[in-house]
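Reviewing the structure listed below.
The values are calculated or read from the model by the stated rules, or taken from the named source; none is laboratory data. This is a predicted model, so every value here is computed, not measured. FYI the Cβ positions are ideal-geometry reconstructions off the backbone, even for glycines, and counts take in every protein chain you see. All accessible areas refer to the heavy atoms of the entire protein, side chains included, with ligands and DNA or RNA removed. Shrake-Rupley method; radii C 1.70, N 1.55, O 1.52, S 1.80 Å.
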Amino acid sequence: LVAGDDLFDSVTVLLETLDVSGLMVEFLDGEFGRINYVYPAYGPDAEHPMSFTTEFRHEGPAVLRHASATVGTKNGEPFAHIHASWLTEEGLAEGGHLLPGTLVGPKGMRLRVFALADAQQLSETDRETGFFAFAPTARHSPATESAQEPESASASASTDAVISRVRPGELIDEAIVAICREAGFDSAEVRASLGSTTGAVFLDGTAP
């Protein structure tokens, strides 16, 4: 991507360019220009426990630290969900959930794109949180689709990749092992798309 490119337009147009219904995008290196973003926040009631803060904006160049995107459709239209962290000119590390209007900076940006030829990504209301969330759905014949789990593109004997959604409340390491075992993989490279945690355990301690 080059300076001034709209980040959301740039990744959603890849659905048409690559003729697929779902993408996972890793941002390898580069620079943001303007960044529009929010943070996760508690929702207004028990039916909607998840929400977002009001919008924040960072003006001026910021170096990409890490970002990833899930790209698919929402209400029948191309849609992207992007999480990112960046380093400001003052040396501050910041991050958040990006919003449309975010631009690529003067140094451009380089992406790694995973095209999901056999899976579509649909952003729909999640029953547990009342929140819109992406879930993969297999793109095969109707008979094959009906036989599969609704939120996992299941593996066949020739499968070399699987995309899966881990639902709330699961231990992430155990879930990854279970996904690989079901797919018949002896080993795998795990690429994170996006999501959230409720705490983390590190080698030197824990975080709430």
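Candidate values (1) 149; (2) 133; (3) 187 were compared with volume of the Cα convex hull per residue in Å³ computed on the shown model; the agreeing label is (1). For the chain, modelled as a GNM whose springs connect Cα atoms under 10 angstrom apart, the maximal fluctuation among Asp29, Asp173, Asp126 occurs at Asp173.
I'd like the orientation of helix 7-18 relative to the chain: the angle between its Cα long axis and the longest Cα principal axis, in ° from 0 to 90, rounded to 10. Around 40 degrees separate the two axes. A crude spin-label estimate for the pair Asp45 and Asp204, with each label 7 Å from Cα along the Cβ direction, gives 4.6 nm. Amide H contacts under 5 Å for Leu111: Leu28, restricted to partners 5 or more places along the chain or on a different chain, H placed in the peptide plane at 1.01 Å from N. Annotation: average projected area of region 1-61 is 6.1 square nanometres, based on the convex hull of Cα atoms across all directions. Computed over the chain with a Gaussian network model linking Cα atoms closer than 10 Å, the most mobile of Thr73, Thr88, Thr17 is Thr17.
Mean-square fluctuations from a GNM of the chain, with a 10 angstrom spring cutoff on Cα atoms, peak among Leu116, Leu98, Leu87 at Leu87. Working note: Karplus 6.51/-1.76/1.60 with θ = phi - 60° gives region 174-183 the couplings 5, 5, 4, 4, 5, 4, 5, 5, 5, 7 Hz, where Gly and Pro are set to x.
Modelled spin-label separation between Glu77 and Glu26, with each label point placed 7 Å from Cα along the Cα-to-Cβ direction: 3.1 nm. The candidates His66, His48, arranged from most to least accessible area with a 1.4 Å probe in the full protein assembly, appear as His66, His48. Each of Ala188 and Leu92 was given a label point 7 Å from its Cα along the Cα-to-Cβ line. The distance between the two points is 3.9 nm. When a 1.4 Å probe is rolled over the protein heavy atoms, the share of accessible surface on the chain that falls to carbon and sulfur comes to 53 percent. A 1.4 Å probe run over the chain, with the rest of the protein chains in place, finds 61 Å² accessible per residue.
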